[in-house]
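Comments concern the structure below.
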């Protein structure tokens, strides 16, 4: 065979081999494709099965709701909350900034319905509650964090808003799909869009209040009903629910935003969506887009909230918000330190406001309506008794001793003129009213002195601080140049005596913060370095009227502190408690010390040296004057603050008064306070006599030590006692009296027998004290 033939045959063979391999490859690919398709179908079916099974698992606990159930949930917008007195009667409906007025479908403009559908759910009329590909896309986005997580239909949005929560979980999404499907089965498309427009938030109105529902939006922004909106107005409102506050034309005060562009741009987007959805023509789109909507926004309108509000409403709301805010913060594991941060605190207060105002709660207070109203009438009708040439403000608290319940209070003379609460929020210098809790109570409790121990009231000077070298003064003198008994020093409210007692107590404990740490802190007095100052004993630290009241409540309650409180419980519409007050009694003073202090403070009221309260009460109500009143007065420099706190065994009533500008008044301030307080106590007695316990008596505890002491020195008695007085031997006078001690015993007779005073003072007292003591200067050393 020729070479050419051989080459031709070889080429043909190669071609046949090529086709053979090509067909093999094709068959292999076909087989692989068949296998892949088979696997895809098999695993797809398996995936669908697993997915269906997982979906069933996620919704197995969800009971398929009836139409009635769905309607109740979907139309359950906000429940009204109430404030109630202790007896359950209504104080007020909780004011809420959220304004809402549900309306029927025929009261809503078709333009508004179309605008919402075109913007939020263009396939609204085609789907049955859910768009599968959109749900899949959203779930992938949630898992991977890639792409948009949008995909909720109008139906899903209303289910999430009214029935479920915003939490991002597969279980919540599964339930959303199930419920959306049920909503579509039970309600028409028009009913669904109407519900959406009735429940959705729409920002703020021209009063600065938050609004929800299309009707409130139309009225609050454009001053129209929802069925009277023109196209650009409808488009603007339809765009608000996506970001109500951002797009709102108004601030929280009702003023127009400086920058209206975000809302106007959103309006243009809504118009374009309507045009794209063939709801409006190109001409209508262009005209509406060019329309000057800003001229339609209503001007700011102010509201007079003081007519429906008052000190009681504000105070109860503030206390309730504190309670709920703390609960919400605790639920988020926010530490006390974090919660104390102002920004964090306000964040949770805002959350608490929304929860409380719209949750259908009842806040039950401790306030007795008869007592509270009687106290308000007294402040209104007799507050003028506190005035000199200027109007004086006042704050009062009336507290049950055993429980700490606040039965009534006065926040001020006139809420419409001044909304500042002088009972709960005003902090003023405590004056001498602090002495029982800060000075005398702890000193007796520690066994430093008895009721007839002696303390120096000789002229003295401050030893430390910016006042170093200045004389310590009483209200009317710089010292009576004698050693007073403890009882006398409290009756006359000697600042010199209280200074010596306080310094002796701190020196004995070698701890400047001893009293605060062991006494005041237990009663929630404010933590401040001022308690370590020499002047603390004269009442320089600042307190609220409530805090001052609680100190006297503790002493009147056998030394046991019960925090003053206003909120008894917060319950939901089913009666389940969101909060219930729990008593946390704290032993502060021994029972012996507390009973001795009440014995001493009875002398303050009975003697009349610093207050005419008892005689003023007697002029109004002789029976009430016979109640076992104990208490203490207090004034500050230039009579800027006037205090009087009185207790019976059952209740404590306090009064602070002073000028709002913190300027002084005059030396008759305490007399004016006494007269006002007499009227206040009488009005409370007339409203609820049992609350005062006018027939009950304070008694000395059985463990109080009744010690016989020298009248002259307050020390132990021995007929042969003599002391060396500047080189001369003098016998201790043998006249005796009883002195009450909580612990310890009176010291033996000695030259330096008392608390405070210099060697010169003791020499003077030993030589001249007997005559001085018999003719003691009893001028009113009020504070």
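We did not get these values from a lab; they are worked out from the coordinates using the rules stated. Since this is a predicted model, take the numbers as computed values, not measurements. Ideal geometry is used to build each Cβ from the backbone, glycine not excepted, and the neighbour counts take in all protein chains shown.
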Bin width 10 Å, alpha-carbon pairs only: give the P(r) of the stretch 313-358 as whole percents, running from 0 to the bin holding the largest distance.
30, 56, 13, 0
Simple spin-label estimate for residue 752/residue 242, 7 Å along Cα→Cβ, in nm, reads 8.4
In nm, the gap between the two label points placed 7 Å beyond Cα toward Cβ at residue 377 and residue 518 is 4.8
Pairwise over distinct Cα atoms, reciprocal of the mean inverse distance: report the Kirkwood radius of the stretch 705-757 in Å, one decimal place.
11.5
I need the calculated FRET efficiency for the pair residue 622 and residue 330, taking r as the beta carbon distance and R₀ as 51 Å, to the nearest 0.05.
0.45
Sort largest first and round to whole Å: the equivalent ellipsoid semi-axes of the stretch 456-512, each the square root of five times a Cα gyration tensor eigenvalue.
19, 16, 8
Let's test this: bin the Cα-Cα distances of the stretch 433-485 at 10 Å from zero up to the farthest pair and state each bin's percent.
22, 39, 37, 2
Which value in Å does the Kirkwood hydrodynamic radius of the stretch 436-530 take, with 1/r averaged over all unlike C-alpha pairs and then inverted?
14.0
Going by a ≥ b ≥ c, the root eigenvalues of the Cα gyration tensor, does the stretch 638-783 fall in the rounded group (a/c under 1.5), the prolate group (a/b larger than b/c) or the oblate group?
oblate
Give me Rg/Rg_expected for the stretch 400-477, where Rg uses Cα atoms only and Rg_expected = 2.2 N^0.38 Å with N residues.
1.63
Mind sorting 278, 422, 82 by how few other Cβ atoms lie within 10 Å of their own Cβ, fewest first?
278, 82, 422
Where in the stretch 233-248 does the label zone of residue 259 land, with the point 7 angstrom along Cα→C-beta and an amide N cut-off under 14 Å?
246-248
Between the alpha carbon centres of the stretch 218-290 and the stretch 178-200 the gap in Å comes to 23
If I take every Cα pair under 8 Å that is 6 or more residues apart in the stretch 377-691, average their sequence separation and divide by the length, what percent do I get for the relative contact order?
24
Spherically averaged projected area of the stretch 561-681 from its Cα convex hull (nm²):
10.9
Stretched fully, the stretch from residue 128 through residue 734 gains (0.36 nm per residue minus C-alpha distance, one decimal, in nm) 207.7 nm
Cα-based Debye curve of the stretch 336-379 sampled at q = 0.20, 0.28, 0.32 Å⁻¹ gives log₁₀ I(q)/I(0) of -0.75, -0.90, -1.02
D (Stokes-Einstein, µm²/s), Kirkwood Cα radius, the stretch 377-691, 1.306 mPa s at 10 °C
81
As a footprinting exposure proxy, order 701, 558, 470 by other Cβ within 10 Å, with the fewest listed first.
470, 701, 558
By the mean-Cβ-within-10 Å protection proxy, highest first, 532-540, 355-363, 322-330 rank as 532-540, 355-363, 322-330
Looking at the calculated P(r) for the stretch 176-254, what percent of the C-alpha pair distances fall above 15 Å?
57
If N is the number of residues in the stretch 514-617, what value comes out of its Cα radius of gyration divided by 2.2 N^0.38 Å?
1.35
With the crude spin-label approximation of a point 7 Å out along Cα→Cβ, what separation in nm comes out for residue 191 versus residue 509?
7.2
What list do you get for 656, 741, 766 if you sort them by fewest beta carbons within 10 Å?
766, 741, 656
